[in-house]
Amino acid sequence: MKPMSRRLFAVAAAVLLTSPAAAGVTAGIGQTTGNNNYEATRLDASLDLGDSMVLSPSYTRYRADYTNGTYQNFALRAGWVQGPASIGVQGSALPRVDGYERTSAGADLTISLQPGGSHHGRRMAGPDSGYSQSSGSGLGAADVGVSATEIIHSDEKDGTGATRSTAFTVGQTDLSAFAGVKFLLTVLSAQLTKSTYTKTLNNQSPPVRPAPYLDLVGVGAISVGYPDFSYNLRASFKAAPIVEPYLSYTHTTYELGMNPSNAVEAGVKVGLQMLSLRGAYEHFEETGLPDHNYVTVGAALNFGD
């Protein structure tokens, strides 16, 4: 494990071990399978530290026939809730696999316009949304926010698969705006993300390889590429007191002449107070390439307040 990865999880472990016993804790696991022997596992947790601070570590492991190795991404987010505002900072590290590695750091702000406020993981959009998004009291509510993330890519291979004499390094800045609204039992949310880069990616010699690890908001499966613009639309509703179906659509355009992609995910979450279950089916298509289908199953345990 790289030093940054060790530091991220050393902090998370230290806080977990020293936190008050009454703190609210959520721990979840999700497994995704799909075409080309695609397999991905995600572990995540969320810990309330008192009334205002939240610590959220996560780990993602993924491989497929085309990855030439297993990618492991380590991430940690710290959030603070003060009245209607949620502020978060996060970092992640992806150790080198098949010549590629990346790190990221970012910050986000969410303002909740709803009676009664909400606890962590209950925002309806953005990084502070969680397993249950139907939050807030009263008939209606709204969350709005922005985020900024800086990603550093380093790739020892070029677009032909050859090894470079010097690794290609480029910075990526993602600026996002998101919002969620609730009325009665329905929640609608949207997020827009624009990516810019510190170097021109097109027409490089030798050519740039598409980033082999890309996690997009609203897309459950890991894909490839350097995104240009992406938007996600999501709708969910309470079909029964513990059942929450949802539908998500994500459209993305890319650098390097890659065709746009569309991803549709349909799923359901079942909340049993201490135990939450989730199942989803996702269809991913990119013009000129075979379509991909994925199935995800997951569960989360909730402890404390």
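Quick notes on this structure:
- Residue in the stretch 94-105 that is touching a residue at least 60 places away in the same chain (Cβ under 8 Å), surrounded by 16 or more Cβ atoms within 10 Å (Cβ to Cβ) and touching a helix residue (DSSP H, G or I) at 6+ places or on another chain (Cβ under 8 Å) present: yes
- Only residues that are within 24 Å of Gly126 (Cβ to Cβ) and surrounded by fewer than 21 Cβ atoms within 10 Å (Cβ to Cβ) were counted across the stretch 59-72, and they come to 2.
- Looking only at residues in the stretch 35-58 that are without any contact (Cβ under 8 Å) to a residue 60 or more places away in the chain, surrounded by fewer than 19 Cβ atoms within 10 Å (Cβ to Cβ) and in contact with a Phe, Trp or Tyr (Cβ under 8 Å, 6 or more places away or on another chain), the one that is farthest from Ala148 (Cα to Cα) is Glu39.
- In the stretch 64-78, residue farthest from Ala148 (Cα to Cα) [restricted to those that are without any contact (Cβ under 8 Å) to a residue 60 or more places away in the chain and over 17 Å from the mean Cα position of the chain (by Cα)]: Asp65
- Residue in the stretch 17-25 that is in a helix (DSSP H, G or I), within 28 Å of Ala85 (Cβ to Cβ) and either at pLDDT below 95 or among the hydroxyl-bearing types (Ser, Thr, Tyr) (or both) present: yes
- Flag for Arg63 being in contact with an Asp or Glu (Cβ under 8 Å, 6 or more places away or on another chain) and basic (Lys, Arg): yes
The values are calculated or read from the model by the stated rules, or taken from the named source; none is laboratory data. What you see is a predicted model; the values in this text were computed from it and never measured. Here the Cβ is made from the backbone with ideal geometry for all residues, glycine too, and neighbour counts use every protein chain on show.
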